[in-house]
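Down below is the structure, laid out as structure tokens.
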Ligand SMILES: Nc1ncnc2c1ncn2[C@@H]1O[C@H](COP(=O)(O)OP(=O)(O)OP(=O)(O)O)[C@@H](O)[C@H]1O
Ligand SMILES: [Mg+2]
């Protein structure tokens, strides 16, 4: 179900402002049949489940219930048009704001599995749904900053200054062009030296947590913070694990998909015991899934056996649009919002938001 109105969307590559969450949900005049007599409207209202008129109260199961099979009143052209308008409105009604800010670290020490792609596109999808989102780029490659169109010239303040110099995050965070409510703390090449510079410092693993806590307590707050990690389990990733409540592991549906995940799980466990008791692996996302191959299917089965219901139902398929978007300094949601890639990340963001943080996280001390 899309958050984005097809009628109002720009063409691929468009760089205008991204206004995806608001809209009337109207069905176009050409496609609407002659309005039904008013006496049919109460009947239609009665046929809809409780809360259906108020899109923000419409939950996923509610939407499934609205169908001609569940209500005889809905089996007419006007009713079908109204039903589709209600569904459309519900899809764009935004997502629930978490009771406490959720901090997700996107980690997998295997390279090129879709960490950065997942971080920036989930972030854009949450922002599009009306939430305030901060992306923290912890990879010296700076791919998340680039994909969000945020300047990462060496002498600009960056996550290096936050981690090594103790600079407040608010002096580093920048707005992402074209995506309201989305901000980014960029990474510059300096960050490559941060691991070495931090060694020997007291509380070297806790620098990001300190900065995020101060930032969250100030005026500049967020609903979701997404921490994009480099492909390693060094101090940068440990800083992210110490600052987060949840770990999201993207897994590429390829050979050796689970290679390294055991080491990541061991690191998570070590950080949980020593530094951050509420940390947990909450979410696994299958990426670059190619449904034509038996291999992708086998990998998906194996991952679901291993991680159970922590694996999102949404699977991100291979998509040319997803791969192209970063070279334009864009997320796939702004680059081609109608593409299957954009839809997959909208669905994944919705799934994560609707199922909420785990009980452990809710009881946590953030
Ligand atoms: N669903 C997808 N379909 C097609 N290409 C994709 C998809 N997801 C990611 N890619 C491409 O795969 C490459 C690796 O993705 P990405 O940079 O997100 O991985 P990463 O895990 O962050 O890599 P690194 O470990 O180097 O940080 C990129 O070129 C990206 O555009
Ligand atoms: Mg990356």
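The values are calculated or read from the model by the stated rules, or taken from the named source; none is laboratory data. Keep in mind the model is a prediction, meaning the values are calculated, not measured. For neighbour counting, all protein chains shown are included, and Cβ atoms are generated from backbone atoms with ideal geometry for every residue, glycine included.
At-a-glance table
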| read-out | value |
| --- | --- |
| Answer from 272, 304 - the residue that is out of contact with any strand residue (DSSP E or B) (no Cβ under 6 Å at 6 or more places or on another chain), more than 24 Å from residue 125 (Cα to Cα) and in a helix (DSSP H, G or I) | 272 |
| Residues that are under 11 Å from the mean Cα position of the chain (by Cα) and more than 10 Å from ligand 1 (Cβ to nearest atom), drawn from the stretch 120-133 | 122, 123, 124, 125, 126, 127, 128, 129, 131, 133 |
| Total residues in the stretch 322-340, condition touching a residue at least 40 places away in the same chain (Cβ under 8 Å) and either more than 19 Å from residue 177 (Cα to Cα) or outside any helix (DSSP H, G or I) (or both) | 7 |
| Given (1) more than 29 Å from residue 333 (Cα to Cα); (2) touching a residue at least 24 places away in the same chain (Cβ under 8 Å); (3) away from ligand 2 (no atom under 16 Å from the Cβ); (4) surrounded by fewer than 23 Cβ atoms within 10 Å (Cβ to Cβ), index of the condition residue 295 fails | (1) |
| Residue list for the stretch 219-257, filter: part of a strand (DSSP E or B) and within 16 Å of ligand 2 (Cβ to nearest atom) | 226, 227, 228, 247, 248, 249, 250, 251, 252 |
| Residue in the stretch 103-119 that is closer than 13 Å to residue 182 by Cα and at pLDDT 95 or above present | yes |
| Only one of 140, 202, 180 that is part of a loop (DSSP other than H, G, I, E, B), touching a residue at least 40 places away in the same chain (Cβ under 8 Å) and away from ligand 2 (no atom under 16 Å from the Cβ) | 180 |
| Top-ranked residue in the stretch 206-234 [being within 16 Å of ligand 1 (Cβ to nearest atom) and over 23 Å from residue 175 (Cα atoms); ranked as surrounded by the fewest Cβ atoms within 10 Å (Cβ to Cβ)] | 232 |
| Top-ranked residue of the stretch 155-167 - restricted to ones that are in a loop (DSSP other than H, G, I, E, B) and in contact with a helix residue (DSSP H, G or I) (Cβ under 6 Å, 6 or more places away or on another chain), ranked as nearest to residue 212 (Cα to Cα) | 167 |
| Failed criterion for residue 216 (all others in (1) at pLDDT 95 or above; (2) not in a loop (DSSP other than H, G, I, E, B) hold) | (1) |
| Selection status of residue 349, away from ligand 2 (no atom under 16 Å from the Cβ), part of a helix (DSSP H, G or I) and within 18 Å of the chain's Cα centre (by Cα) | yes |
| Unmet requirement for residue 117, which otherwise passes all of (1) buried (at least 23 other Cβ atoms within 10 Å of the Cβ); (2) in a loop (DSSP other than H, G, I, E, B); (3) within 17 Å of the chain's Cα centre (by Cα) | (2) |
| Selected residue (only one of 155, 137, 190 is within 22 Å of the chain's Cα centre (by Cα) and either modelled with pLDDT under 95 or within 13 Å of ligand 1 (Cβ to nearest atom) (or both)) | 137 |
| Residue list for the stretch 95-117, filter: more than 9 Å from ligand 2 (Cβ to nearest atom) and in contact with a helix residue (DSSP H, G or I) (Cβ under 7 Å, 6 or more places away or on another chain) | 95, 96, 101, 103, 105, 107, 108, 109 |
| Residue within the stretch 265-282 that is under 17 Å from the mean Cα position of the chain (by Cα) and in the same structural domain as residue 226 (by TED's automatic domain parsing) present | yes |
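Each row is one residue, and each column tells you yes or no for (1) assigned by TED's automatic domain parsing to the domain that holds residue 224; (2) farther than 28 Å from residue 236 by Cβ; (3) surrounded by fewer than 21 Cβ atoms within 10 Å (Cβ to Cβ).
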site	(1), (2), (3)
311	yes, no, yes
325	yes, no, no
329	yes, no, yes
340	yes, yes, yes
353	yes, no, no
